[in-house]
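Engineer: First, the structure itself, so that you have it in front of you.
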Amino acid sequence: MRIRLRFFAALREQMGARGERSVKSGATVGTLWRALVAERPELAAVPVRFAVNETYVAPSHRLADGDEVAIFPPVSGGR
Amino acid sequence: MLRVTRTPIVPTALLRAMRDPAAGAVVTFLGTTRNENAGRRVVRLEYEAFSRMAEREMRALAATATKRWTLRKVAMVHRIGIVPVGEASVAIAVSAGHRAEAFAACHWLIDRLKEIVPIWKREHFRGGQVWIGPQQGIPEASVGRAAARRTSACGGRRRHAPRRGDR
């Protein structure tokens with residue numbers, strides 16, 4: 001399956017804004033992230049959130065062909 | 001009016017959008033760039049958004065708040081790009097039959113926006129820049145070691161964010 005990737009903020013600076021990747025059928029967002037971390041171990045310590053097709057999902061979310069997966073740090077905060 | 005914009009926020013436009021004959025109260029909130037943060041002299045803030053998702057999340061928040069507090073109107077605008085000191089990066093306005101609902105809803109909306117709407121802030125201060133997370137800054141170009149540095153960045157009252165190659 002082909003998956004489109006988008007990165008934001010500090011992660012975008014490390015990974016680029018967009019990417020594309022093939023994953024096996026049945027892959028989850030978590031498997032995809034672990035594959036990225038395996039290639040770039042420095043990502044392991046990064047707190048991230050995931051969205052698929054512009055909706056927040058848990059790492060256990062199962063991917064479908066053509067999905068757009070956005071990976072980004074926690075949002076901006078302030079108090 | 002629920003959107004992400006690159007142009008300066010015009011509070012009167014939000015106020016106009018609040019007009020409703022059944023409203024007895026209008027509450028507005030503006031978040032502005034403050035000139036200091038954690039002992040650093042802030043010169044400007046820079047915001048980045050996943051705009052389509054951010055607007056989608058804003059619509060969901062507005063719908064939830066409208067139901068929960070029986071609001072008349074809701075507007076939320078977030079500016080992205082450079083926001084100089086003193087200018088607004090975010091504006092929220094709500095109108096309701098009575099002020100208690102309007103205050104409560106406005107407070108809830110800004111808190112939730114900061115938690116879940118995908119917009120990130122980079123602080124430019126005298127001597128460096130840093131991505132700001134919910135609890136702490138993530139030093140630029142060292143996001144992979146952010147977790148390890150969090151303690152020192154917060155507890156150690158570090159004045160400047162580490163630079164590239166800095167260990």
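Coordinate-derived values only; no laboratory data. None of these values were measured; they are calculated from a predicted model. Glycine gets a Cβ as well: all are built from the backbone with ideal geometry, and neighbour counts include every protein chain shown.
Engineer: Give me the Kirkwood hydrodynamic radius of the range A:2-72, using the inverse of the mean 1/r over all pairs of distinct Cα atoms, in Å to one decimal.
Structural biologist: Averaging 1/r across every pair of different Cα atoms and inverting gives 12.0 Å.
Engineer: Taking every residue in B:109-115, how many Cβ atoms of other protein chains lie within 10 Å of its Cβ, on average?
Structural biologist: 2
Engineer: Can you give me the distance in nm between label points at B:ALA60 and B:HIS124, each placed 7 Å from the Cα along the Cα-to-Cβ direction?
Structural biologist: For B:ALA60 paired with B:HIS124, the spin-label model returns 3.2 nm.
Engineer: If you don't mind, another one. Can you tell me how much longer the chain between A:MET1 and A:GLN14 gets when fully stretched, taken as 0.36 nm per residue apart minus their C-alpha distance, in nm with one decimal?
Structural biologist: Using 0.36 nm per residue and subtracting the Cα-Cα distance, I get 2.2 nm.
Engineer: Using a Förster distance of 25 Å, how high is the FRET efficiency between A:TYR56 and B:ALA22, based on the Cβ-Cβ distance and rounded to 0.05?
Structural biologist: The computed FRET efficiency comes out at 0.15.
Engineer: Test of understanding: what is the full-extension gain from B:THR7 to B:VAL85, defined as 0.36 nm times their sequence separation minus their Cα-Cα distance?
Structural biologist: 26.6 nm
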